[in-house]
Amino acid sequence: MELSPDTRNILGLKLPTDPRWVDLTQKSLEEILTDHAYCEQKAAISCISLIQRYNDKEKLVQELSPIVTEEWGHFRSVLAEIQKRKLKLGKQRKDEYVNQLIQFEIKGGSEENRLLDKLLLCALIEARSCERFKRLSEGLDDIYLKNFYRKFMESEAGHYTLFIELAETYIDKKKVRHRWQEWLNREADIIKQLSPRGDRIH
């Protein structure tokens with residue numbers, strides 16, 4: 001089930017998720033819910049880390065503070081869904097997708113460049129998560145889970161744009177857009193290399 005071109009353009013992603021991915025997730029529901037729970041947890045931790053590191057940037061602190069609460073609420077929602085279905089929260093596993101993205105971050109250099117990459121990394125993960133949640137909301141057989149993931153999709157779309165806006169608040173917009181395209185191209189290369197896995201959100 002393909003995303004419409006308009007949806008992909010809004011998110012900026014160069015490649016859609018392999019259509020086989022949703023079918024794979026339905027065969028490993030406990031694993032995909034576990035991975036989703038930890039993704040939400042890590043998103044909250046990432047925002048806390050940004051607030052701690054850039055506490056002098058008032059808009060960043062104000063905008064990300066409620067996101068911490070929202071992401072932790074998402075973790076609790078997924079955990080509740082796991083428990084309701086009498087499944088178990090498994091162990092956190094390495095996220096090969098995110099780990100490869102992190103390798104693209106600028107190491108050293110100016111503080112501005114490091115801030116830019118941290119915000120764009122977060123934006124990209126949120127954008128891909130939004131695209132994956134859209135696929136689940138449209139392709140799952142379970143009607144309840146389709147609605148469940150529709151809500152997550154809408155939330156992640158807002159988060160993606162927030163990180164872009166924060167980058168443009170503190171850094172020249174042309175520089176942000178140029179680097180964003182580099183991130184999108186790198187992400188597309190990673191997506192090409194990774195085989196679809198039904199036990200991972202990414």
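The values are calculated or read from the model by the stated rules, or taken from the named source; none is laboratory data. These numbers come from a predicted model, not from an experiment. For neighbour counting, all protein chains shown are included, and Cβ atoms are generated from backbone atoms with ideal geometry for every residue, glycine included.
If only residues of the stretch 4-42 that are of a type in the set (Gly, Ala, Ser) and at pLDDT below 90 are counted, the one that is nearest to residue 94 (Cα to Cα) is 12. The set of residues in the stretch 190-201 being surrounded by 13 or more Cβ atoms within 10 Å (Cβ to Cβ) and in a helix (DSSP H, G or I) consists of 190, 191.
Residues in the stretch 153-173 that are within 23 Å of residue 190 (Cα to Cα), surrounded by fewer than 21 Cβ atoms within 10 Å (Cβ to Cβ) and hydrophobic (A, V, I, L, M, F, W, C): 153, 157. Candidates 118, 84, 59, 88: the one that is among the basic types (Lys, Arg), surrounded by fewer than 17 Cβ atoms within 10 Å (Cβ to Cβ) and touching a Leu at 6+ places or on another chain (Cβ under 9 Å) is 59. Sort through 150, 128 and tell me the only one that's in a helix (DSSP H, G or I), in contact with a Ser or Thr (Cβ under 9 Å, 6 or more places away or on another chain) and crowded, with 20+ Cβ neighbours inside 10 Å. Answer to the check: 128. State which residue pairs qualify: first residue over 20 Å from residue 160 (Cβ atoms) and inside the stretch 178-202, second residue aromatic (Phe, Trp, Tyr) in any location, beta carbons under 6 Å apart, and separation of 6 or more residues or different chains. From residues that are over 20 Å from residue 160 (Cβ atoms), the pairs are 196/21.
Each row is one residue, and each column tells you yes or no for (1) of a type in the set (Val, Ile, Thr); (2) closer than 17 Å to residue 79 by Cβ.
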| position | (1), (2) |
| --- | --- |
| 17 | yes, no |
| 32 | yes, yes |
| 41 | no, yes |
| 44 | no, yes |
| 52 | no, no |
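Looking at the structure I just gave you, is residue 106 surrounded by fewer than 19 Cβ atoms within 10 Å (Cβ to Cβ), more than 16 Å from residue 43 (Cβ to Cβ) and either at pLDDT 95 or above or of a type in the set (A, V, I, L, M, F, W, C) (or both)? Yes.
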